[in-house]
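Notes follow the structure.
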Amino acid sequence: MSGPRAGAPTMAESTYLEAIRQGLFEEMERDPEVFCLGEDIGGYGGAFKVTEGLQARFGKRRVIDTPLSEAAIVGAAAGAAHMGMRPVCEMQFIDFISCAYDMLTNYVATARYRAFLPCPMVVRGPSGGYVRGGPFHSQNPEAAFLHTPGLKIVYPATASDAKGLLKSAIRDDDCVLFFEHKYLYRRIKEQLPEGDYVVPIGKARLAREGRDLSIITYAATVWKALEAAEQLEREDGLSVEVLDLRSLLPLDDEAIADTVRRTNRVLIVHEDTVTGGVAGEIAARINDLAFEWLDAPIKRVAAHDVPLPYAPQLEDFVLPQTGDIVRAARWVARY
Amino acid sequence: MSGPRAGAPTMAESTYLEAIRQGLFEEMERDPEVFCLGEDIGGYGGAFKVTEGLQARFGKRRVIDTPLSEAAIVGAAAGAAHMGMRPVCEMQFIDFISCAYDMLTNYVATARYRAFLPCPMVVRGPSGGYVRGGPFHSQNPEAAFLHTPGLKIVYPATASDAKGLLKSAIRDDDCVLFFEHKYLYRRIKEQLPEGDYVVPIGKARLAREGRDLSIITYAATVWKALEAAEQLEREDGLSVEVLDLRSLLPLDDEAIADTVRRTNRVLIVHEDTVTGGVAGEIAARINDLAFEWLDAPIKRVAAHDVPLPYAPQLEDFVLPQTGDIVRAARWVARY
Amino acid sequence: MAVTSPLASDPATLPGLTRDQLLELYYYMRLTRSLEERLVNLYRQTKVVGGLFRSLGQEADAVGSAYALDRSKGDVLSPLIRNLGSMLVQGATPLEILRQYMAKGDSPTRGRELNIHFGDTARGFIGQISHLGDMVPVMAGVTLSFKLRGQSRVGLVYVGDGATSTGAFHEGINFAAVQRCPLVVIIENNGYAYSTPTTKQTACTSFRDKAIGYGIPGVRADGNDVLATYQVTKEAVDRARGGDGVTLIELMTYRRKGHAEHDNQSYVPPGEIERWARENDPLDRYLKELTSRHGVSTDELQRVDGRVTAEIDQATDEAETSPAPEPRDALRGVYADPSQTSVLWYREGLRSAVETHERPASWGTHDG
Amino acid sequence: MAVTSPLASDPATLPGLTRDQLLELYYYMRLTRSLEERLVNLYRQTKVVGGLFRSLGQEADAVGSAYALDRSKGDVLSPLIRNLGSMLVQGATPLEILRQYMAKGDSPTRGRELNIHFGDTARGFIGQISHLGDMVPVMAGVTLSFKLRGQSRVGLVYVGDGATSTGAFHEGINFAAVQRCPLVVIIENNGYAYSTPTTKQTACTSFRDKAIGYGIPGVRADGNDVLATYQVTKEAVDRARGGDGVTLIELMTYRRKGHAEHDNQSYVPPGEIERWARENDPLDRYLKELTSRHGVSTDELQRVDGRVTAEIDQATDEAETSPAPEPRDALRGVYADPSQTSVLWYREGLRSAVETHERPASWGTHDG
Ligand SMILES: Cc1ncc(C[n+]2csc(CCOP(=O)(O)OP(=O)(O)O)c2C)c(N)n1
Ligand SMILES: Cc1ncc(C[n+]2csc(CCOP(=O)(O)OP(=O)(O)O)c2C)c(N)n1
Ligand SMILES: [Mg+2]
Ligand SMILES: [Mg+2]
């Protein structure tokens, strides 16, 4: 993916990964009730070094190396959250969140509703493909949690959003699933906003303005969409708008309706497999919110419906690429 | 729900539950590799008595009472399936399938693709609400598995489909999730087709023909849709078509496109919560397949986005009712 | 299944329970049993919505163990469906229980959850969910917070013999053991998980034996002896409060009623239930103990019984008059923010929905 | 971490291994080590796609345990990432391994899975997934089928010290124990789970102690002694084949390399790795054993080494020339039926997509 900005980092720039680490540091500084738990996050600093230095700074009491037990990590976080603490769980790879699926969807998500038990906690971890990780280190499981009322889901595409959304997630009074795209960890960098920068959950970001067509997307494919938009402008003179959802639960209906009403044509792009992915929910909402404004069918660009294979040739074929977005966008624009 | 046919069963009629039991008996008779495992399914015959008499007939070797371990039940079924057997797992309530979520989505669903390991197995269990079961005995988890390539999902609404689809599921060479609606277990009955009756997976059923509007639905809400259709015909002179999907993975695109192209107006109804439910995927497909044929926005009738509460007044308010379908259908028809 | 009582209570070693406390234990056991009997009547009158779960014959294990906690110190327990007694000890009231079972709008969960699925962190009990085993990791976290904050509070989590087979039980108890959380794990071995006997649940001879694999002490006691139960739990609670981490306790008891009221127990060997009722009823045993060894008079006991009946009668009258839930309350409080889930469009009437579908002038002029 | 070897191999009691078999054990251990060394070179040449996982120092536990199975009887094992040796014993070839790591189109998974994640039921090994613990329930089911069909086949499943903390491990081994499946469960205690030492994984002193909680025999052996490993596994295999169910074996070993090639092992106490390399290398130990106690000559050993090098060289040359996967193969075989997943519309070019969007005459005439 060449979408992310190129160029060596200047002193002041931070990567997506550093932004997350900064968010953790600042929130742990700010609130003594915040603590982290997960596998190998302490002395080792986590498989991707996101939590590096955290234990040295805050000690073993607040940065806990756990046994290899995702259900226990999430369940224990819930228990501590009930007591007023604010746990941040790391899944070493987000693929392993499936082991805590019951705990998250049945226990955590319902706690406030069925028992008036607050459950302020964050579950974060490296997600996504394009990294030759194979079927179990490349997943995008967000859609599996989309129909669970009680959970919130965010999936940032930029370093500032990663930091700002993590801080919001930690301060949120409910459980937030925080997906981090591992392809972006070290590939994108930017100057982060000064001070206590917070990005509200549930608000999308207009990544690029346009008039002819809207691409609605999130996470790594935001960069592919931007790349495609530039190409479409260059080669076709098309003015393409790109909406970065940032939050998937709740979705920003207003931003979705606005962009569709502006351009009347929409392409939904995500990295997850097409069937049952988040794009379906977005398509249904556009029907609800802006049917009359549609001048072309809502089309989807996403991964093929197969487990994600490991070999570069196979992974690249299965996942959505910039060229796919360009082709699909041309079709929708010309429709 | 008054949708299901009333009247006492004649000698020749079977309930939805008896149809499932018959399917199990016949398949175990037919194929010695078929066996059942689950909690309390043996001597006790299961929480709903679906497997009653099975152990007496086929013995403890083929009808196995397991420990309270959903992940082990599903994982062990997969292992036996690799070796050529055809296990049928019962989840005592489908709500507990969440405990096997990792095993199903990561191990079972990918076995054929990543390792060429056949995994012919069925996971079945009582699903759905309208029964005052509260948040953990009323769930419809089908949407959580919709974005997992490698799984198949069926959810019958009639006794014949329950029997015919179960037989297909057991004979299928991949893993089929077989959702049984517990509200229908003893409330609907019909004369079952003679002989070795099999219903193909992936084919929808036109439950009622109509010209003005299509209701696309599955499981218990098929009956509510039919009830609504009658009322709409009576009171509004509307001719409403009802498509019972029966299979959710794969979806019957042809049948979906056909009905939309016939009536040009569509209402998608399901019992699961609206956000992230199966309706979103269907809406996206209709956009793909029949956008030009739409004379009104695709609208959804589903459960409100909350955990399903227990008290009748609350459950009835949260779940979609016949009156909701009627109101929504009128809106779409008049649009 | 035979009853072993390796740890029969010995008045000599009784950890200083006053006479009042001994009577209070009887009060809670009697209250548990009578309240459930009242629920059976209401169930037969179809006033109970959903299933009814009994703890007949298990009152001692529930009451005796919970009594070992110190509410004044902020101890917390997590009950199961057969721990009505434990909840009463922690301060749950008959009125709350009755309203829960009757799905009333002023029940502790406002009609959202069933039977005794409710909690109150102030009084120190956490609302369980149906998925068995899940409360063990949760209580590991509750007690982890006690440890991290340097509080001298203790947690107690109950699991059934069946629930020990869940992955959640294993992950939770192991996590708590490694973190040395101040947690007591009680396995209530009542012989059955629904229809499944313990022999089909595990190949080990005693659930206590599971402790060694987690590197924690494991003890077994007669769960139908309320004082023995109190004693062994109190020791574990003190150990936890003292910073010595998790203890696993297996309490031997017996489920005399079906899994739920509808279960006919066809799977139980003939005579088994009757034998337990005859020879090993926890209330009978405790009554003997009180009268023969602690000089409690039948008068005193009758006074307790009278108090129990009066409390239950009053609670029943009050619960019967409780209002049904307000339907729209179903949409409140899924999240702190937003605190309200919006009602679906077809319930609001049609105008709003139509409005959002009127497209302005620019028909199809997407190119400008 | 100290090495205990409660069960040092004793030639007297050696269950009749022929001299050829003793040499074959050496061959597999050497092949494992040399093949991994070759993989390191390829990794440095960036010819390996993704991560590289080593079993340096664990060759004896992998080879010795797998060697106790009887392939002629159809025994099946399920390996982990450090069980390259076990797979070689079961008949996996260096060529397959190299093609896997290099993500070739003719690799056993046609480029779909990583490293040694592949299987072949015909040769008796099952392809693992990354989610640790999951293979235990699966192997419980594999061996359940042996029991249900009355076959005299045995299964062997490996788990790491870390994986014992998963719910899947617990549910699977308990299920197998209750069902008396012919299964051997080997816990490879190599001191670490990634960076996590066993002390943070469990509070118990020995993983063997977990056996009693499942009501099965538990033994511990020196995993760096190939013959001791063979011996203890063989006994468990015979027990399983004899109908006596599950055995848990803890093999003591040590992971001398990082979790994967990128891991710098900063978390390892200084000198620990070196000490194990110096004092407890399984190949060094076995070489001594062979020469000193079984009269094997250096000549013989060099011939084996030569054979190993030749095989690996040939396999490497062949693997290098293997084709890359055919992209469209990615859409084959998710299901038996349909056997092909259709390519997404924007890849097919636009015509077909457009056609499906031409609506016939009936514009808007939905009422007729
Ligand atoms: C994960 C899970 N699987 C299945 C069930 C269904 N179920 C409810 S109670 C029960 C038996 C529980 O037995 P035990 O743990 O011994 O508790 P007891 O009822 O004997 O107190 C079962 C199987 C459940 N609640 N949770
Ligand atoms: C369920 C699950 N959680 C986390 C991981 C990430 N992970 C991969 S290997 C590993 C450590 C495994 O340690 P151990 O089980 O001791 O095996 P070893 O690598 O030492 O052979 C972890 C945490 C995983 N693969 N599966
Ligand atoms: Mg029990
Ligand atoms: Mg290890």
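The values are calculated or read from the model by the stated rules, or taken from the named source; none is laboratory data. As the structure is a prediction and not an experimental result, all values here were calculated from the model. Glycine gets a Cβ as well: all are built from the backbone with ideal geometry, and neighbour counts include every protein chain shown.
Would you say residue C:117 is away from chain D (no Cβ under 14 Å), at pLDDT 95 or above and closer than 30 Å to residue D:168 by Cβ?
Values: away from chain D (no Cβ under 14 Å): yes; at pLDDT 95 or above: yes; closer than 30 Å to residue D:168 by Cβ: yes.
Spelling it out, residue C:117 is indeed away from chain D (no Cβ under 14 Å), at pLDDT 95 or above and closer than 30 Å to residue D:168 by Cβ.
Filtering region D:306-350 down to residues that are among the aliphatic types (A, V, I, L, M) and surrounded by fewer than 17 Cβ atoms within 10 Å (Cβ to Cβ), which residue is nearest to the other protein chains (Cβ to nearest Cβ)? Give the derivation first.
Applying the first criterion (among the aliphatic types (A, V, I, L, M)) to region D:306-350 yields D:308, D:310, D:312, D:315, D:319, D:324, D:330-331, D:334, D:336, D:343-344, D:350.
Now narrow it down to the ones that are surrounded by fewer than 17 Cβ atoms within 10 Å (Cβ to Cβ): D:310, D:324, D:336, D:343, D:350.
Working: D:310: 28, D:324: 5, D:336: 4, D:343: 7, D:350: 5 Å.
In this case the residue turns out to be D:336.
Any chance you could count how many residues in region A:315-324 are among the aliphatic types (A, V, I, L, M) and either out of contact with any helix residue (DSSP H, G or I) (no Cβ under 6 Å at 6 or more places or on another chain) or farther than 16 Å from residue A:183 by Cβ (or both)? So that I can check it myself, show each step before the final result.
Going residue by residue through region A:315-324, those that are among the aliphatic types (A, V, I, L, M) are A:318-319.
Now drop any that are not either out of contact with any helix residue (DSSP H, G or I) (no Cβ under 6 Å at 6 or more places or on another chain) or farther than 16 Å from residue A:183 by Cβ (or both), which leaves A:319.
The number of residues fulfilling the criteria is 1.
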In region D:118-129, is there at least one residue being under 26 Å from residue D:333 (Cα atoms) and within 16 Å of ligand 4 (Cβ to nearest atom)?
yes
Just to verify a result, which residue in region D:207-230, among those that are in a loop (DSSP other than H, G, I, E, B) and more than 19 Å from residue D:66 (Cβ to Cβ), is farthest from ligand 3 (Cβ to nearest atom)?
D:217
Scanning region D:239-257 residue by residue, those within 16 Å of ligand 4 (Cβ to nearest atom), under 30 Å from residue D:171 (Cβ atoms) and in a loop (DSSP other than H, G, I, E, B) turn out to be D:253, D:254, D:255
Within the bounds of region B:292-299, is there any residue that is among the hydrophobic types (A, V, I, L, M, F, W, C), part of a helix (DSSP H, G or I) and more than 7 Å from chain C (Cβ to nearest Cβ)?
yes
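Select from region C:132-160 the residues that are within 16 Å of ligand 3 (Cβ to nearest atom) and within 9 Å of another protein chain (Cβ to nearest Cβ) and list them in ascending order.
Initially, region C:132-160 is screened for residues within 16 Å of ligand 3 (Cβ to nearest atom), giving C:132-133, C:135-136, C:157-160.
Hits for region C:132-160 are C:132, C:133, C:135, C:136, C:160.
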Being at pLDDT 95 or above and buried (at least 24 other Cβ atoms within 10 Å of the Cβ) is true for just one of B:255, B:296, B:333, B:302. Which residue is that?
B:302
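On the given criteria, is residue D:202 more than 22 Å from the chain's Cα centre (by Cα) and within 16 Å of ligand 4 (Cβ to nearest atom)?
Details: more than 22 Å from the chain's Cα centre (by Cα): yes; within 16 Å of ligand 4 (Cβ to nearest atom): yes.
Judged against the criteria, residue D:202 is a match.
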Selection status of residue D:168, away from ligand 1 (no atom under 16 Å from the Cβ) and more than 15 Å from residue B:111 (Cα to Cα):
no
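Do we have residue B:161 as among the acidic types (Asp, Glu), more than 23 Å from residue A:305 (Cβ to Cβ) and either touching a Phe, Trp or Tyr at 6+ places or on another chain (Cβ under 7 Å) or at pLDDT 95 or above (or both) here?
Details: among the acidic types (Asp, Glu): yes; more than 23 Å from residue A:305 (Cβ to Cβ): yes; either touching a Phe, Trp or Tyr at 6+ places or on another chain (Cβ under 7 Å) or at pLDDT 95 or above (or both): yes.
Taking the combined requirement at face value, the residue satisfies it.
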Failed criterion for residue D:236 (all others in (1) away from ligand 4 (no atom under 16 Å from the Cβ); (2) within 20 Å of residue D:76 (Cα to Cα); (3) within 14 Å of chain C (Cβ to nearest Cβ) hold)
(3)
Looking only at residues that are away from ligand 1 (no atom under 13 Å from the Cβ) and not hydrophobic (A, V, I, L, M, F, W, C) in region C:173-198, which one is nearest to residue A:69 (Cα to Cα)?
C:174
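So, residue C:263, is that one without any contact (Cβ under 8 Å) to a residue 24 or more places away in the chain, surrounded by fewer than 24 Cβ atoms within 10 Å (Cβ to Cβ) and away from chain D (no Cβ under 14 Å) or not? Walk me through how you get there before you give the answer.
Values: without any contact (Cβ under 8 Å) to a residue 24 or more places away in the chain: no; surrounded by fewer than 24 Cβ atoms within 10 Å (Cβ to Cβ): yes; away from chain D (no Cβ under 14 Å): yes.
Against the criterion (without any contact (Cβ under 8 Å) to a residue 24 or more places away in the chain, surrounded by fewer than 24 Cβ atoms within 10 Å (Cβ to Cβ) and away from chain D (no Cβ under 14 Å)), residue C:263 does not qualify.
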Subset of region B:224-248 [under 24 Å from residue B:146 (Cβ atoms) and acidic (Asp, Glu)]:
B:241, B:244
Enumeration of residues in region C:173-192 that are in contact with a Pro (Cβ under 8 Å, 6 or more places away or on another chain) and within 15 Å of residue D:174 (Cβ to Cβ)
C:174
Quick one: count up the residues across region B:120-149 that are surrounded by fewer than 24 Cβ atoms within 10 Å (Cβ to Cβ) and hydroxyl-bearing (Ser, Thr, Tyr).
1
Mind checking which pairs have a first residue in region C:326-339 that is farther than 11 Å from residue B:307 by Cα and a second that is hydrophobic (A, V, I, L, M, F, W, C) and not in a loop (DSSP other than H, G, I, E, B), Cβ under 8 Å, 6 or more apart or different chains?
C:327/B:314; C:327/B:317; C:328/B:317; C:329/B:314
Of the residues B:156, B:193, B:200, which is closer than 23 Å to residue B:12 by Cα and surrounded by fewer than 24 Cβ atoms within 10 Å (Cβ to Cβ)?
B:193
Give me the pairs, please: first residue somewhere in region C:192-206 and part of a helix (DSSP H, G or I), second residue anywhere and within 13 Å of ligand 1 (Cβ to nearest atom), beta-carbon distance under 6 Å, and either six or more positions apart or on two chains.
C:198/C:161; C:200/B:65
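Looking at B:177, B:213, B:184, B:166 in this structure, which one is surrounded by 22 or more Cβ atoms within 10 Å (Cβ to Cβ) and within 14 Å of chain A (Cβ to nearest Cβ)? It would help to see each step written out before you state the result.
On the way: B:213 fails: within 14 Å of chain A (Cβ to nearest Cβ); B:184 fails: within 14 Å of chain A (Cβ to nearest Cβ); B:166 fails: within 14 Å of chain A (Cβ to nearest Cβ).
Criteria check complete, one pass: B:177.
Do you know which residues across region C:270-298 are exposed (fewer than 10 other Cβ atoms within 10 Å of the Cβ) and assigned to a loop (DSSP other than H, G, I, E, B)?
In the first step, residues of region C:270-298 are kept if they are exposed (fewer than 10 other Cβ atoms within 10 Å of the Cβ); the result is C:270-271, C:292, C:295.
Listed by number, the residues that qualify are C:270, C:271, C:295.
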So, restricting to helices (runs of 4 or more DSSP H) that lie completely within region C:19-136, which ones have at least 3 residues that are within 14 Å of ligand 1 (Cβ to nearest atom)?
C:59-66, C:84-89
Just to be sure I understand, how many residues within region D:88-125 are buried (at least 24 other Cβ atoms within 10 Å of the Cβ) and within 11 Å of the chain's Cα centre (by Cα)?
6
